[in-house]
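For reference, the structure is listed below as structure tokens.
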Amino acid sequence: MGGMYTGPRDEEPDERDAELLRYERERRERAGRRDATSWRFIAWVMAGGLALLSYDSGGAALDAHRSGRPWLYPATVSVGCALGLVGLVAWALRRR
């Protein structure tokens with residue numbers, strides 16, 4: 001038969017096939033652990049940035065409000081960053 005049959009093979013997988021399958025499974029596991037570590041690092045950096053921006057914008061809004069300048073924009077940025085931080089924490093907890 002000259003056609004391309006891609007179904008199950010008639011013979012049992014040999015040692016080389018088993019070794020290749022094991023190697024591929026281990027490679028996927030390593031990649032999964034590496035990706036999880038990368039996402040954890042990114043989440044911590046994002047959380048730190050959002051917390052810092054929220055704190056700084058909140059302080060700027062208070063200073064502007066006390067001195068009679070427009071304060072709504074920095075207050076909105078502060079609240080938005082705080083909500084983003086809460087969302088990031090909720091996402092991280094859900095993934096656990």
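Quick look at the values:
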| item | result |
| --- | --- |
| Point-charge dipole on Cβ atoms (K/R +1, D/E -1) for the chain, about Cα centre, debye to 20 | 780 debye |
| Highest-fluctuation residue, A18, A31, A61 considered, GNM on the chain with Cα pairs under 10 Å | A18 |
| Value of D in µm² per second that Stokes-Einstein yields for the chain, Kirkwood Rh from Cα pairs, at 4 °C (1.567 mPa s) | 72 µm²/s |
| Protection proxy ranking of 46-52, 23-29 - average other beta-carbon atoms within 10 Å, highest first | 46-52, 23-29 |
| Angle in degrees between helix 72-95 and the longest Cα principal axis of the chain, rounded to the nearest 10 | 30 degrees |
| Sites A64 and A43 - FRET efficiency at Förster radius 30 Å, r taken between beta-carbons, to 0.05 | 0.45 |
| Computed [θ] at 222 nm, deg cm²/dmol, the chain (DSSP H ≥ 4; -39,500 (n - 2.57); rounded to nearest 500) | -29000 deg cm²/dmol |
| Contact order normalised by residue count of the chain, Cα under 8 Å, 6+ apart, percent | 24 percent |
| Förster radius 35 Å - calculated FRET efficiency between R96 and L72, Cβ distance, rounded to 0.05 | 0.45 |
| Estimated vicinal HN-Hα couplings, Hz - region 49-63 in sequence order (Karplus 6.51, -1.76, 1.60; Gly, Pro = x) | x, 5, 5, 5, 5, 5, 5, 5, 5, x, x, 5, 5, 5, 4 |
| Within a Gaussian network of the chain (alpha carbon springs, distance under 10 Å), most fluctuating of S57, S78, S67 | S67 |
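Laboratory data are not the source of any read-out in this text; all were calculated from the coordinates shown. Small disclaimer: the values here were computed from a predicted structure and weren't measured. For neighbour counting, all protein chains shown are included, and Cβ atoms are generated from backbone atoms with ideal geometry for every residue, glycine included.
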